[in-house]
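Right, one structure below, let's go through it.
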Amino acid sequence: MTRKTRRLWLACACLMGLGSATALTLNAFSSNIVFFMAPSQIRAKPPAPDRTVRLGGMVVAGSVRRQTVRDTPVALFDVTDGQAAVTVRYEGILPDLFREGQSVVAIGTAGPDGAFHASEVLAKHDETYMPKEVAEALRRSGKWDPRYGKAPDAASWDTMTVRDARRDAASPQHGS
Amino acid sequence: MNATHSLVARTGAVFHRYANPGRFLRLGARLQPWLTWPALALSIAGIVWGLFFSPADWQQGDSVRIMYVHVPAAWLASSGYAGLAVCSLLSLVWRHPLADLAAVEIGPVGAAITAVCLATGSLWGKPMWGTWWVWDARLTSVLVLFFLYLGHIALIRAFDEPQRGYRAAAILGLAGAVDLPIIKFSVQWWNTLHQPDSITLTGAPTMSTAMLWPLLVCTLGFTLGFAAIVVARLRAAVMESRIRAALSARRGRGRAAPDSAHDSDVPGGAVA
Amino acid sequence: MSMTHLPYIAAAYGLTIGLAVLLGATAALRLRRARARLAAIDRPARAGRGENR
């Protein structure tokens, strides 16, 4: 029995040693593990112009300008983390989920003009899942505008059914 | 020290009682229908519910239905590995024969479900994020989990002498458990493209109940299915080891004098 | 009924169901074969032992 106890302690000790080694390693490489940098980080410490970085944040409502330059669609939009905003220029087709108020990750380089030249734009959706009808009802009642941030607390809508939402939509005096 | 000593002894005794392969065969035979049929019924119900009777998401459209297979697969990939780690501990500390057999059988099933998680995630990421794959912390740590499973599968079968394979694989299985908290908390510790968890133990789910229910039904169904497949494979493995032991005993008996047949009367004695 | 992103959804579900069926079927087959073989081995062994005693 003592041998079993010893083996148990040995296994625990090895696991704790391995765990702390991993934790220290991850902590040391933490800045490389983050998938993207926030606009305020890029503003505070601008990366070298030839270095590819990932910029993540929310698309500012009303900042999206779309043009067509030589048959390619070009989009200009501001990305913010609430503290700073960076203008992003992207040539190409934006993902389906791209919209104002959406979180996006733009991969590219910071140009000398202060704008961020993205070679790729990824849409990052949040952890809220709600039926189309519920979102529509929330928007109509003025409780939530998706262009200005995250959905309200789930407790206020997660029991709303599609039928409730349709009924609410049918009675127009809902939005006070 | 004395308290831990007796605790270890008692835990060992409990495990020995239930890990007796003969007892496991009887228990498994009784358990199997209670796992298999509910698993089938719940999985089919959850899939049909998720595919046809749950609402589309307001921004993801119908692609949100991939969640009903992706999320249960992700949870099972992690909990399957947790099971593997427990087997590894039982094998290393208590030298449990049934834990070794269970580790052999959990490995491929866990690897398959992790592959499902990665593939369905990719199929969901392409239309939603705009990419099949990114090297963010969540996706990478799950890929590491997949390789841990593959390494375990290879290692446990790599030695001519099975006991050495069991030992080596158990060490890998236990060490790899470090990846589980990394997977769980990756979306909180670092910026990732992957969104944070919608369902947590501590907070209300940020998901409509119309989507939550089919997800829970699918999860329960898949979990029972995972258990049913592992139990079936483990029962088969115990039977196969008995067959091997019986055949080698018979071969031994054939060579020995007929009178000594009574003494070596232990078909499957090595494992039973 | 029309779904958005149908090819992706179909591929995801097809893959999941396909792999589940494959795993389940191989496990069931393996269990059946092992049970049959064990029964076949056990029967003559028991009979032989009975004669010896």
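A few remarks follow.
- Count of residues meeting criterion [buried (at least 17 other Cβ atoms within 10 Å of the Cβ) and among the hydrophobic types (A, V, I, L, M, F, W, C)] in segment B:118-145: 11
- Test result for B:Leu216, open to solvent by 40 Å² or more (accessible area, probe 1.4 Å), among the hydrophobic types (A, V, I, L, M, F, W, C), within 14 Å of chain C (Cβ to nearest Cβ) and more than 16 Å from B:Ser78 (Cα to Cα): no
- For segment B:174-211, a residue qualifies if it is of a type outside the set (A, V, I, L, M, F, W, C), open to solvent by less than 30 Å² (accessible area, probe 1.4 Å) and more than 9 Å from chain A (Cβ to nearest Cβ), and exactly one does: B:Gly176.
- Given (1) of a type outside the set (Lys, Arg); (2) open to solvent by 60 Å² or more (accessible area, probe 1.4 Å); (3) more than 19 Å from A:Pro146 (Cα to Cα), index of the condition A:Pro47 fails: (2)
- Number of the exception - B:Gly130 against (1) touching an Asp or Glu at 6+ places or on another chain (Cβ under 8 Å); (2) more than 14 Å from chain A (Cβ to nearest Cβ): (2)
- Filtering segment A:55-64 for residues that are facing chain B (nearest Cβ under 10 Å), open to solvent by 30 Å² or more (accessible area, probe 1.4 Å) and within 18 Å of the chain's Cα centre (by Cα) leaves an empty set.
- Restricting attention to segment A:115-134 and to residues that are open to solvent by 40 Å² or more (accessible area, probe 1.4 Å) and within 15 Å of A:Leu55 (Cα to Cα), the residue that is farthest from the other protein chains (Cβ to nearest Cβ) turns out to be A:His117.
- Conditions (1) under 21 Å from A:Asp126 (Cβ atoms); (2) away from chain A (no Cβ under 14 Å); (3) touching a Gly at 6+ places or on another chain (Cβ under 8 Å): number failed by B:Leu139: (2)
- Residue under evaluation B:Tyr166, criteria (1) open to solvent by 30 Å² or more (accessible area, probe 1.4 Å); (2) free of Cβ contacts under 8 Å to residues at least 12 places away in the same chain; (3) touching an Asp or Glu at 6+ places or on another chain (Cβ under 8 Å), criterion not met: (2)
- The sole residue among B:Ser54, B:Ser43, B:Ser63, B:Ser79 that is closer than 30 Å to A:Tyr129 by Cα, buried (at least 21 other Cβ atoms within 10 Å of the Cβ) and modelled with pLDDT of 95 or more is B:Ser43.
- Which listed residue, of B:Arg235, B:Arg244, is open to solvent by 30 Å² or more (accessible area, probe 1.4 Å) and farther than 30 Å from B:Trp124 by Cβ: B:Arg244
The values are calculated or read from the model by the stated rules, or taken from the named source; none is laboratory data. Bear in mind the structure is a predicted one, so any value in this text is a computation, not a measurement. Methodologically, a virtual Cβ is constructed for each residue, glycine included, from the backbone with ideal geometry; neighbour enumeration extends over all protein chains shown. Please note that ligands, DNA and RNA were not included when accessible areas were found on the heavy atoms of the full protein model with its side chains. Shrake-Rupley method; radii C 1.70, N 1.55, O 1.52, S 1.80 Å.
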